[in-house]
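This report refers to the structure that appears directly beneath it.
No value in this document is a laboratory result; all are computed from the given coordinates. In this text, all values refer to a predicted model and were calculated from it rather than measured experimentally. Cβ atoms come from the backbone with ideal geometry, glycine included; neighbour counts cover every protein chain shown.
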Amino acid sequence: MVGRRWWTPWLWLAPSLALLGVFLVYPVVDTLRRSFLDRRSQSFVGFDNYKFIIDNPQPLVSDTHSALLNNVMWLTLFTAVTVSLGLILAVLAGRVRYEAVAKSAIFIPMAISFVAASVIWRFMYEYNVHIGTVNAVVTELGGHPTAWLQNTGAPQTPFTDLGPSTAPQPIQVNNFALILSGVWIWTGFAMVVLSAGLKGISNEVLEAARVDGANEWQIFWRIIVPILSPTIVVVATTLVIQALKKFDLVWVMTGGRFKTDVVATLFYKEAFVIGDFGVGAALAVVLLLWVLPIMLISIRRFQFQEETR
Amino acid sequence: MAKRNPSTAAVAAAPRALRLTEGLKWIAARGPLHLSILALMVLWSVPTLALLVSSFRDPSAIASSGWWNVIKEPFDFTVQNYRSVLEKQGMARAFFNSLIITVPSTTLVILVAAWAAYAFAWMRFPARNLVFLLMVALLVVPLQMTLIPVLRLYSNLTVNAEVPILGGRIFGTSSFVGIWVAHTAYGLPFAVYLLRNFFGSLPRDLFESAYLDGASDLRVFFRIVLPLSMPAIAALAIFQFLWVWNDLLVALILLGDPSLAPMTLKINNLVSSFGTNYQVLTSAAFISMALPLVIFFALQRYFVQGLLAGAVKG
Amino acid sequence: MFRSKRSRLLLILFTMSAFAGVAFVACGGGGEEEEGKIGTVDVLGIWGDEELVSFQAMVAPWETDTGGHMDFTGTRDITAVLTTRVEGGNPPDVAIPAEVGRFQQFAKEGKLTPLSACSGLEKTIKDNYPQGFIDLGTVDGTLYGFFMKADTKGTIWYNPKFFTDNGYEPLTAASSFDDLITLSDDILDGGLPPWSMGMESGEASGWPGTDWIQQILLNESGTAVYDGVIDGTVPFTDSRVKDAWGKFGEIALTPGYTVQGGAEGINATNFVDSSYPPFQTPPTAAMVYLGGFAASFITTQFPSAVAGEDFDFFPFPGGAVTGGANIVYAFNADPTTCSFLSWLASAEAQRIWVDRGGFTSVNAQVSLDSYPDSVSRGEAEQLATAEVFRFDLDDAIGGALQQAFFQGVTQYLAKPGDLDTILSNIEDSR
């Protein structure tokens, strides 16, 4: 390549590197630093902020244990349900002629902002049966209306009197309600990605299995799922990262109250409502640590892709 | 020889009853499939439908009867909610703020990322792969890690002069320029990843012949790479556009001036002060959804492409 | 090729709409401040809906006279927004919250301008406002804020027609809490839930319950205990405080007492909506306890309701009155800000909102005759003549404790058995 100096590539990279350095790299280091300082980032306090998170001394104002547990719930339940639903929908939609329309309908929620989605679901979950769709349906079917977003009881209580009325935190009605709205938004994403992966499975393999006498169920579990597993992993990791970073949805629907706080909303509360930058930074670091394993998986996947490139 | 057309003969000779049972069998076999898909589609659309319908209803109607009752009173619609939210609550200004924030953030990220992507794809330099890997690793850094330091940085860098016409400061907090730069930076890892992959997949001979002809990097970039990469750029543009349009957290923290608030921020404030006045909330929410929905329907293919590549974006 | 043309077209469309937007902004926006002229004042407050309309009406004459313009953002989440903006070095010009905790913190940090920086303002306040309110607005000897829009919180709203039709007697200041319980039981026996109650209020959900508790505390245990809770000498775990909570729980949680049906309904019902049941036709509840501002909710929802006939209040039993007020303070002393503040503090401006209802002024120059109807006059009178008056407890403390107090109420309603833990948690957030 004529005329290219050794520094040319770096010149081209410069704007990106500068922006990333200022907005991503420096802040990570700075936040790490602040997590060891006091609330106004003036004096060194060692691990006090992390102790705060572990000890949870002020559960009424900022319940760190609740936030951490809720994050675990989001990580597991949200991801599992979304991936499963997405997979089922991808398989089903692939078998009808109006596949594109079906996929669009499920996919629309991805286009709207989380804030608008929160408004939609606040409206759906409204306690007043004349306004809230869910409660209207429940009362039609003979149940009692429930304050879906405020109820911290066990998940089965709106529907039946069986079982305990309170379950251990975070297994509560309002968490499920919030996760449901998250599922509503993200299933479209899972479905689209898995559908693309599904198209990559050659028809001959499926036909051969059918000829051999396998029924649809077996085909699903023994052939489709194993072949799709890399794609499933990709979808799952994206969803896990989304679950960890979930701010808008929870903040606008409940503001983190009624024990629905997640680490992301608690971070905002601590840093900007209560004004404690130290604990806020510590919470952000916790988020980062949680996300780190995913980062490593992604990096390894990229390296694999690089080698095969 | 008789084997050649037994099936056709059989079908031709089959009595109508047999064809009927076959039809029924087909329905029985495919029925549940179609039913479940249609049911899911309806179920998925219900929440959005509820919002849309309610935004056109009178406030007292919203409070007293479910939105599904609209079927009984078909033409009892009003655009009053939209009018009031656009004028009184400042949603019109917020709409333009959203536009002012989103468009430059999208174009800037494409430009900056394309530069870097080209270097990664077609230039050789030491540690190329390592730097690329690190850049992409930044994809998973949660926004929360960056916000306090960036906020402090902006407060210190605030230039208090007003920008004419657009409003807001020249730089720092409450500044459009500030938020453009921030969104560009946040969107870079994904953009670089996407574009680099696409650039790298362009045929090598194109570049070889261009270099042989003595073309400089800049020429190749603008004359060959960019035009050929329109699909990827379109996908990236849509993805970034929607991401910035729907963002709440960055605007919440870096944009303090209420007259600069994008729609997400406005709706957030409306929810906390108008909690149960759904006529305001539903219409405001729908206004903010309108443009993304239009984009979605018009450019679904690109959006999906962006999303497929975005399977790695955090 | 087709694809690229399409995307280019779209890019053009976007840019065009962006420019259109810019043009729109240029025509409709503005607000640059010139030297000496009155420009735009950036105000952060809590009002939305009806209250906002009234506030805008109050500000309108100022805008016409001076050519200035008010840019108002209302959110009940005001503490969070205010903190974020001050942190970001971008405070509003004027803030009008209801709690004084954050106000005192800002004043101590030197972020606020003393009222003396605006000519004539401090004198107006000192001449016309009650000493108690002046003291509340003073930090370290300097006056930083004044109070607008006071609200008595000693009002229990009821439907006079319903009461006379069924032979119930509204209570008086001399009544006791037990009388309230007896009245509630009577109404319940008559077949109607005696109370309507709602805690939901976005970020601040739970505050209506705190109004109950502080009102009970002041009446049952007296001013010494009340003041002690504010300055910390009496902890929340004190038995008298616990007793007040228990009495509140009696009203909220006794089966059949509330039309909302118990804790879940109460926590989910918005406080504005909770003011409607006693005044519906037919009434679905008998009484609702909310501050004076509830009058405007009632008149908005039931435009034909006549004050004094269709809705009225009787004083909270015991006679002591708690109240709140919105404090106005500024972050700078620009000519626009000062002009705006002086207007807000004036009796002339406040009379505008008084006239509209739902506003009680503490400016001595606004006489009782200015009030449009017997209900608002009654509220102003209650504030002016109360023998025992105290500022809203959680607004006076503010900060993390106020948040804990609000949350504690909703949690208490859901799980009354946890009261001891809740109380010590609240105390820990001090």
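Can you give the FRET efficiency to the nearest 0.05 for B:W68 and A:K51, using r as the Cβ-Cβ distance and R₀ = 45 Å?
0.30
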Review point. Taking Cα centroids, how far is segment C:192-219 from segment C:76-148 in Å?
Key: 27 Å
Review point. Which shape class, rounded, prolate or oblate, goes with segment A:38-307 when its Cα gyration tensor gives a ≥ b ≥ c as root eigenvalues, a/c under 1.5 marks rounded, and past that a/b bigger than b/c marks prolate?
Key: oblate
Study note, to complete from the structure: Looks like segment C:290-415, by Cα gyration tensor root eigenvalues a ≥ b ≥ c and the a/c under 1.5 rounded cutoff (else prolate when a/b is bigger than b/c, oblate otherwise), is oblate
Check your understanding: Between A:S202 and A:W10, 0.36 nm times their residue separation minus their Cα-Cα distance comes to what?
Key -> 64.8 nm
**Study point:** GNM top mover of A:W74, A:W121, A:W12 - chain A, alpha-carbon springs below 10 Å
**Key:** A:W12
Point to revise | Mean projected area (nm²) of the alpha-carbon convex hull when the protein assembly as shown is viewed from all directions | key: 50.3 nm²
**Study point:** chain B: most fluctuating residue of B:A29, B:A285, B:A61 per GNM, C-alpha cutoff 10 Å
**Key:** B:A29
**Study point:** Antiparallel content of DSSP bridges confined to chain C, in %, to 5
**Key:** 50 percent
Revision key, fill the gap. Taking chain C and counting helices only, DSSP H stretches of n ≥ 4 at -39,500 (n - 2.57) each over all residues, the nearest-500 ellipticity at 222 nm comes to -15500 deg cm²/dmol
Practice item. Can you check what the net charge comes to around A:L69, using other residues whose Cβ is under 13 Å from the Cβ of A:L69 (Lys, Arg +1; Asp, Glu -1)? Key: -1
Study note, to complete from the structure: Check: C-alpha center segment A:48-124 vs C-alpha center segment B:247-304, spacing in Å is 19 Å
Review point. Using r as the Cβ-Cβ distance of A:S84 and C:A174, and R0 as 60 Å, what FRET efficiency do you calculate, to the nearest 0.05?
Key: 0.35
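In deg cm²/dmol, rounded to 500, what helix-only [θ] at 222 nm does chain B give when every DSSP H run of at least 4 residues adds -39500 (n - 2.57) and the total is split over its residues?
Result for chain B: -23000 deg cm²/dmol, rounded to the nearest 500.
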Practice item. For chain A, set up a Gaussian network in which alpha carbons nearer than 10 Å are linked by springs, and say which option among A:G94, A:G188, A:G213 fluctuates the most. Key: A:G213
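Using a/c under 1.5 as the rounded threshold, could you call segment A:1-144 rounded, prolate or oblate? The axes a ≥ b ≥ c are square roots of the C-alpha gyration tensor eigenvalues, and prolate needs a/b larger than b/c, oblate otherwise.
Details: a/c = 2.87, a/b = 1.26, b/c = 2.28.
Judged from the Cα gyration tensor, segment A:1-144 comes out oblate (a/c at least 1.5, b/c at or above a/b).
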Study note, to complete from the structure: Filtering chain B for DSSP H helices with an axial alpha carbon extent of at least 24 Å and a Kyte-Doolittle mean of at least 0.5 returns B:16-55, B:91-122, B:176-200, B:278-298
**Study point:** Listed residue (A:L194, C:Q104, C:T79) projecting farthest to the positive dipole end of the protein assembly as shown, Cβ model
**Key:** A:L194
Practice item. For n ≥ 4 DSSP H runs only, could you compute -39500 (n - 2.57) per run for chain A, divide by its residues and tell me the 222 nm figure to the nearest 500? Key: -19000 deg cm²/dmol
Check your understanding: Of all DSSP beta bridges in the protein assembly as shown, what percent run antiparallel (nearest 5)?
Key -> 55 percent
Study note, to complete from the structure: For chain A, the helices passing both cut-offs (Cα extent along own axis of 18 Å or more, Kyte-Doolittle mean at least 0.0, full DSSP H runs) are A:8-20, A:79-93, A:173-199, A:225-245, A:277-307
Revision key, fill the gap. In this structure, among A:K269/B:K266; C:K108/C:K242; A:K245/A:K269; A:K246/B:K266; C:K242/C:K415; A:K103/A:K245, pairs with alpha-carbon gaps over 21 Å are C:K108/C:K242; A:K103/A:K245
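Scanning chain C for helices, which whole DSSP H stretches are 30 Å or more long along the axis (Cα) and average 1.0 or more by Kyte-Doolittle?
Those that clear 30 Å and a mean of 1.0 are C:2-28.
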Exercise for review: Describe numerically, in nm with one decimal, the distance between label points set 7 Å from Cα along Cα→Cβ at C:E348 and at C:T385.
Suggested key: 3.1 nm
Practice item. Enter the Cα centre distance for the pair segment C:280-326 and segment B:109-146, rounded to the nearest angstrom. Key: 62 Å
